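See structure below.
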Amino acid sequence: MIVNNAMSWIQSKARTLIVAIALLGSAIWVLAGNQDSSSTIEKTRSLEPQLHVEIEALTRVQVRDYRIELDSPELEFLAQFIESGTVLPSQTADLKPGYSIETLTEALARAEAKKRTMSESIATLKGHIQTIQRYLDHTNPDAMLANFRISEMKQWDLRRYIDEEEAANYEKHVLLITRNYSEMAVRWPSLNLRALEFLLTDVKSDLQSVVDNIQSQVRLIESQLPAAIDALAIQRRLYDEKHSYFEILALAENRSLLNANLSVIGLVKVNTDDGRHVDLEVEVVDMKETVVIPAGGSKQVRYKSALLADLEEEKRQVINALWNEQHQARLINLDNHLRVYTSVPTSFSDQSHREKELEHLKQVRVETNDYL
């Protein structure tokens, strides 16, 4: 009886132990299987392309072959201030002269500079005329005609304003009047003040004619310059808003074990004030079927948009309104398996990698100000 009970107890414990061992083995098998499955998933993920894209620079580029024809009186005024050899070739048979926006801007600057120079010349000449008038005023004891000498006339540099031969003739006669050496053997030479007075009167008259002529030119420039400034401003606005395109320099980093093939097309999505966005299509500058990003490596990719003049009017207006106004832009591109990659947001404005680094350093200083 005792033996039978002992055997039953042993058999019961044995069955319990077998069940426990079986459960433990099953658990170990499940755990090992899960680890193998996780490892397989992780390996699979590492083989899939994992791209990180960042915009390094976003630039607006103005075209260089944009021609502006002088087809209005306001712009035609600038022709006299344009340097020779700056005409851009015409694409039409009429061969109308056309110039770049830079050439016309320089011409406008010359017109303004000439106006300033002529105004300065008028002030200088009026000063000479006043000096002559003081010598001709017999009641002025501070500027007696007998004290006038050739050295003062030479300081006027008459050759800048009147005929060179006439200027030399004036100086010659002043010298003869004020330095008559033939009389010095007998007594101190007496000056022919009457002759000197007539000579200075003629010089004064010539200088006044020059002043009148320059003033007439200044008035002509002043009457036409504002309209030319407005006309060129309109041309520059058209140039800026239509005859430009965007270039995006992006850095694509491949964090997987396989090469990644980026498509040559992409989108720049720019956020608007109402929470929506406008899309700007871009293409890789060096067109190929794909852009290969090596496994574990990185590559700079340069994109280029279409000329803004080729966009729809509404889209062009929106893009121009958003540019340089602190809006955010993202570069959206995809690989040959149609997986989409989005860059980190950046400002839709002119920038460079150096500026971004500098801004980052400024932020770090602010955040760690307590430790600096």
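The values are calculated or read from the model by the stated rules, or taken from the named source; none is laboratory data. A quick note: this is a predicted structure, and the numbers were derived from the prediction, not measured. Note that each Cβ is placed from the backbone with ideal geometry, even for glycine, and that neighbours are counted across all protein chains shown. These accessible areas exclude ligands, DNA and RNA; they are computed on the full protein's heavy atoms, side chains included. Shrake-Rupley method; radii C 1.70, N 1.55, O 1.52, S 1.80 Å.
A few remarks follow.
- For segment 267-276, the condition of being among the hydroxyl-bearing types (Ser, Thr, Tyr), open to solvent by less than 40 Å² (accessible area, probe 1.4 Å) and farther than 18 Å from Ile55 by Cα holds for at least one residue.
- Positions within segment 275-303 being more than 25 Å from Val61 (Cβ to Cβ), in contact (Cβ under 8 Å) with a residue 40 or more places away in the chain and of a type in the set (Gly, Ala, Ser), in sequence order: Ala295, Gly296, Gly297
- Residue within segment 316-336 that is open to solvent by 40 Å² or more (accessible area, probe 1.4 Å), modelled with pLDDT of 90 or more and of a type in the set (A, V, I, L, M) present: yes
- Look at segment 131-159: where a residue is open to solvent by 30 Å² or more (accessible area, probe 1.4 Å) and a partner is polar (S, T, N, Q), sitting 6+ places away or on another chain with Cβ atoms under 6 Å, you get Arg134/Asn140; Arg149/Thr178.
- The helices (runs of 4 or more DSSP H) located wholly in segment 64-156 that include 3 or more residues which are modelled with pLDDT of 85 or more and in contact with a Lys or Arg (Cβ under 9 Å, 6 or more places away or on another chain) occupy 101-136.
- Criterion violated by Ser349 - all others in (1) more than 19 Å from the chain's Cα centre (by Cα); (2) assigned to a loop (DSSP other than H, G, I, E, B); (3) surrounded by 15 or more Cβ atoms within 10 Å (Cβ to Cβ) satisfied: (1)
- Residue in segment 191-203 that is closer than 30 Å to Arg116 by Cβ and surrounded by fewer than 16 Cβ atoms within 10 Å (Cβ to Cβ) present: yes
- Of residues in segment 277-305 being open to solvent by 50 Å² or more (accessible area, probe 1.4 Å) and assigned to a loop (DSSP other than H, G, I, E, B), the one farthest from Asn333 (Cα to Cα): Gly296
- Scanning segment 219-242 for residues that are open to solvent by 60 Å² or more (accessible area, probe 1.4 Å) and among the hydrophobic types (A, V, I, L, M, F, W, C) yields a total of 3.
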